[in-house]
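Undergrad: This is the structure I want to talk about, given as structure tokens.
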Amino acid sequence: MEDFDDSEKLSLRVAEEERGKRLDHLLAKHFPDISRSRIKALIVQGAVRIDGAVVKAPAHRIRADDGEVVMSVPAAVAVELVAQDLPLDILFEDEHLIIINKAAGMVVHPAPGHPDGTLVNALLHHCGDSLLGIGGERRPGIVHRLDKDTSGVMVVAKHQAAHEGLSALFASHDLERVYQAVLWGAPSPTEGVVEGAIGRDRMNRKKMAVDLKHGKEAVTHYRVLRHLGLGAALVACTLETGRTHQIRVHMSAIGHSLLGDPLYGRASPARRARFDDKQQQIIADFPRQALHAAVLGFVHPIKKSFIRFESEIPDDMKNLIDALS
């Protein structure tokens, strides 16, 4: 077996409802930032232990007495960034910055399991080598990011001065950011504020959690836009802060997690029963968290004028909303 002593250890506790699941499916659910092919390879290489025993079969079924699952992930090896001709939906561009409508499923920057095919690779093809070195070797021009399966508006800096100006805006939270999400159930009251510091989940490093003692301040304003039958709602979420997974964590914390969310989106049988069989199947087949970055507004870091961009909800979320209405 390969030596994984210096690897990052990712652990999880098996929940009751996860008994009987395949090991590779379980790990993919809890660690969505790592590709399924990468997870399978790590299992086969002996990098996964269940209660201390190595398991090398990706199709291993989780048993009733299985407790802790630990996956050892070797440190990332530096990769050379390459320009790739990938489709980009550009909302705006000048000599200082570029506004992208990111598609769901696109990773923002190279990471373990995603060495290429990312937004960064596409931007290098579109902008040329001028982006290299701006804001970091592996994330040229990137000031903020959206999760792989979150769609919507992103801004990217095209030179160092723009990057520094945008970074200052994000650090001071001096931007307008509005997301649209489909939630299990409808929050009551229909408009409110969620305040709860967010930090790394102590049981699962790929998850975040409300952590009032060790977390960073996080504030989310929400407003119900539309009830979707008896069991879901379309909600606008406006961010005061920008913590990792903030909307997903905060909505889950008030009992209304996002449909399709593999980390925080568990729903009770009673809530699922509010939809008919066809609707339940549509929900089960929806491949991502139902979250879209709809609005991004800020003062241009160089021109100093306020600019604002909107992105319509993509077709997959539109179809989900229509099916549940």
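Undergrad: If you scan region 86-104, which residues turn out to be in a strand (DSSP E or B) and either buried (at least 17 other Cβ atoms within 10 Å of the Cβ) or of a type in the set (F, W, Y) (or both)?
TA: Within region 86-104, F92, L97, I98, I99, I100, N101, K102 meet the criteria.
Undergrad: Let me ask another. Scan region 16-45 for residues that are within 23 Å of D149 (Cβ to Cβ), assigned to a loop (DSSP other than H, G, I, E, B) and either at pLDDT 90 or above or open to solvent by 80 Å² or more (accessible area, probe 1.4 Å) (or both) and jot them down.
TA: K21 - this is the single residue of region 16-45 that is within 23 Å of D149 (Cβ to Cβ), assigned to a loop (DSSP other than H, G, I, E, B) and either at pLDDT 90 or above or open to solvent by 80 Å² or more (accessible area, probe 1.4 Å) (or both).
Undergrad: Looking only at region 305-325, count every residue that is in contact (Cβ under 8 Å) with a residue 40 or more places away in the chain and in a helix (DSSP H, G or I) and tell me the total.
TA: 6
Undergrad: If you take the residues in region 201-218 that are under 26 Å from I39 (Cβ atoms) and among the aliphatic types (A, V, I, L, M), which one is modelled with the lowest pLDDT?
TA: Of everything passing the filter in region 201-218, M203 is modelled with the lowest pLDDT.
Undergrad: Residues in region 283-301 that are modelled with pLDDT of 95 or more and open to solvent by 30 Å² or more (accessible area, probe 1.4 Å): how many?
TA: So the count comes out to 1.
Undergrad: Now, a different point. Being over 19 Å from the mean Cα position of the chain (by Cα), within 20 Å of G260 (Cα to Cα) and of a type in the set (A, V, I, L, M, F, W, C) is the filter here; which residues of region 188-239 pass it?
TA: The answer is V224, L225, L228, L230, A232, A233.
Undergrad: Another question, then. Which pairs turn up if I take residues in region 140-165 that are on the phi > 0 side of the Ramachandran plot and look for partners that are assigned to a helix (DSSP H, G or I) with beta carbon separation below 8 Å, at least 6 apart in sequence or on another chain?
TA: G141/V120; G141/L123; G141/C127; G141/L131; G141/H163
Undergrad: Sticking with this structure for a sec: Go through region 265-282 and report how many residues are over 16 Å from A323 (Cβ atoms) and either open to solvent by 100 Å² or more (accessible area, probe 1.4 Å) or modelled with pLDDT of 95 or more (or both).
TA: Total satisfying the criteria: 2.
Undergrad: Which residue out of V70, V79 is open to solvent by less than 50 Å² (accessible area, probe 1.4 Å) and either modelled with pLDDT under 90 or part of a strand (DSSP E or B) (or both)?
TA: Within the list V70, V79, the selection yields V70.
Undergrad: So S257 ticks every box in (1) more than 30 Å from S305 (Cβ to Cβ); (2) out of contact with any helix residue (DSSP H, G or I) (no Cβ under 8 Å at 6 or more places or on another chain) but one. Which box is left unticked?
TA: Unmet condition: (2).
Undergrad: Going through V48, V55 one at a time, which residue ends up being buried (at least 18 other Cβ atoms within 10 Å of the Cβ) and modelled with pLDDT of 90 or more?
TA: None of the other options fit; the residue is V48.
Undergrad: With respect to I302, is the statement that it is closer than 30 Å to H96 by Cα, touching a residue at least 24 places away in the same chain (Cβ under 8 Å), in contact with a His (Cβ under 7 Å, 6 or more places away or on another chain) and not in a loop (DSSP other than H, G, I, E, B) true?
TA: In short, no.
The values are calculated or read from the model by the stated rules, or taken from the named source; none is laboratory data. Owing to the predicted nature of the structure, the values given are computational and were not obtained by experimental measurement. Every residue, glycine among them, receives a Cβ derived from its backbone with ideal geometry; neighbour counts consider all protein chains shown. Protein only, heavy atoms only, side chains kept; ligands, DNA and RNA dropped before computing areas. Shrake-Rupley method; radii C 1.70, N 1.55, O 1.52, S 1.80 Å.
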